[in-house]
1. Counting only other chains, what is the mean number of Cβ atoms within 10 angstrom of the Cβ of each residue in peptide B:270-280?
2. Say the dipole of region A:128-278 comes from +1 at the beta carbon of Lys and Arg and -1 at that of Asp and Glu; which of A:Phe192, A:Cys171, A:Leu131 then lies farthest toward its positive end?
3. Under the convention of a label 7 Å out along Cα→Cβ, give the distances in nm from A:Arg208 to the same position in every other copy, shortest first.
4. For region A:128-278, place one equal point scatterer on every Cα, skip the solvent, and apply the Debye formula. What is log10 of I(q)/I(0) at q = 0.16 Å⁻¹?
5. For region A:19-62, list log₁₀ I(q)/I(0) at each q in 0.29 Å⁻¹, using the Debye formula over Cα point scatterers of equal strength and ignoring solvent, two decimals each.
6. Along the Cα-to-Cβ line of B:Asp139, 7 Å from the Cα, sits a label point; which residues in region B:56-73 have backbone N less than 18 Å from it?
7. Please compute the volume of the convex hull spanned by the alpha-carbon atoms of the protein assembly as shown and report it per residue in Å³.
8. Sort the following peptides by mean Cβ neighbour count (other Cβ atoms within 10 Å, averaged over residues), highest first: B:116-123, A:84-91.
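Derivation of every value follows stated rules applied to the coordinates shown; laboratory data play no part. Values in this document were obtained by computation on a predicted structure and should not be read as measured data. Virtual Cβ from ideal backbone geometry, glycine too; neighbours counted across all protein chains shown.
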Number of protein chains: 2
Amino acid sequence: MSDGVNRQILLMEKPTGKLGPEHFKMSKAGIPDARDGEALLRVRYISLDAANRAWMHGATYRAAVEPNTVMAGGGIAEVISSKAPGLAPGDIVFGDTGWQDYAAVPAKHLSKMPKVEPMTHLLSVYGIAGLTAYFGLLDVGKPKAGETVVVSAAAGSVGSIVGQIAKIKGCHVVGIAGGKDKCNWLTSELGFDAAVDYKDGAVFKALRTAAPKGIDVYFDNVGGDILEACLAQMNNRGRVACCGAISQYDGAPSATGPRGVPGLIVIKRLVMQGFIVTDFMGQRDEALSDLQSWVASGKLKVQEDVINGLENTPKALIGLLAGENRGKRMVKV
Amino acid sequence: MSDGVNRQILLMEKPTGKLGPEHFKMSKAGIPDARDGEALLRVRYISLDAANRAWMHGATYRAAVEPNTVMAGGGIAEVISSKAPGLAPGDIVFGDTGWQDYAAVPAKHLSKMPKVEPMTHLLSVYGIAGLTAYFGLLDVGKPKAGETVVVSAAAGSVGSIVGQIAKIKGCHVVGIAGGKDKCNWLTSELGFDAAVDYKDGAVFKALRTAAPKGIDVYFDNVGGDILEACLAQMNNRGRVACCGAISQYDGAPSATGPRGVPGLIVIKRLVMQGFIVTDFMGQRDEALSDLQSWVASGKLKVQEDVINGLENTPKALIGLLAGENRGKRMVKV
């Protein structure tokens, strides 16, 4: 951020247990030059996502992050200089900038973004979070009006949008979240029909009360015990949209999977389907147009959790994994 | 089978552990009369299916079987007398006749069958087994030519047909079965490209060798450890057709599910889908026409395992659960 210096946060080692501040180190380098085909970027906002932690386990849909390199992460950035056709100074782009002030990135790995106010919406409702919610719910979960939709990590960036879209589509919507405050917020502010506090124990029973007609669509962000409880309450021909497994990311991977797989899948003719938002990018414009009109009409509320300062990025991720955030968490660099 | 006597095999209690002969009892009753809307049937062949055992655990897609009643089971039967329109003496029907010589069954629960030689094919390739293989593979698994298809319980009634249809569709086909003899039979007689003997240990490694390009479609009849091994080797966008969970039926239900659920489903964008053959009955004629032409041309070999005598039905089911059979097991009453 200061003259000629590029602050960078390195991942020092891959954690085998819980992620902590000791796994990161702030370092300083020179500002890189853009090579042919690249743009030099000034990073503005860094996206924090549970997936950041999953990347540390090994290759997923992307290569693993490696020790002693700049921690990977998506961000919104401004083009400072460009040696790539189609990108000019002042342009706003999204890409894997990593956790640093500046990055030189090949233009083919960047998406040019529209100028939106506030810019943070490019990381929340009009970014990966909003599109993940949109496509995962509508194209994978396929809810019909009157059906019951349950979403876990419901107060998070994706879950909070999933539940609101399901309400727009006329569903009975139940959110699962940690803590009374988040649960109250879901029902009083975001219009969820009911909320289940998983920290209160007895998730199975609470879910039975909140979803008395059973579950038609379960949007799963967490895996583990909560997935197990939902599977047992799915209706025939129910759909499970497998978006993530937060419960499994931070620490050693679970030694077992959910009971009822595959027995309940067979008996109830369930579909469990994994998806990644980038698979749906061909339909992005249509999705953005829907999201924009819902935001404009006030049907979709956007919740953001912006933390100041690059130096706070490790803490911001560790807190996200502990469920601190409400809505989309990001760091203003 | 003799004058005026209807031999019946009763399920005496629901087994909590392994199913044994002590759970059954042969009993005798009079031959029932057909009431209005019913047909009186002489049972000819009783179908043995792993699902028979699952019914003892509780309600599935049908009500649980209850202690001290005639054991439920599908069968091919001849109409002796009828008080139902559309059914006449001599007609051949399929329905839940139960394990007995005679049954009076409401016509609405019976399917009239064509006269086929041998009649046993109505329980194997043209029955539930053949149709389950057909729809589960083609409509749920959706294999493309050149893809790798793996099927478990591959020497069984469904699996042996799944693998052959996958070959007809141009796939690389791997069967998982118990024992060297069955494995040799799959490759030398049925044309499978490779077979993995799960009794030989090291299923994961053997599967890696047999399916070097990874698995695109896994047709799962067994659940448990074998499902886990296959999930780990699925390719991106792979499909798991969940047909059954034989490994879980005979004994206490497993306390855990397969590792990798939902993590691998997310990362690889897998679809796991349960199905029941009756969901597809609207497309039955088309399926039967395909199956008949494949049998006629010799592309599809039909393997049947016919055991004589109603009194041997409990033993036949117990043996089936232990993996004794090759192809479709049934009892000639």
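1. Per residue, the number of nearby Cβ atoms from other chains is 5 on average.
2. A:Cys171
3. Between copies, matching label points for A:Arg208 lie 4.4 nm apart.
4. -0.78
5. Per q value, in the given order, log10 I(q)/I(0) is -1.04.
6. Answer for this model: B:61-62.
7. Spread over its residues, the Cα hull of the protein assembly as shown gives 172 Å³ apiece.
8. Most protected by this proxy first, the peptides run B:116-123, A:84-91.
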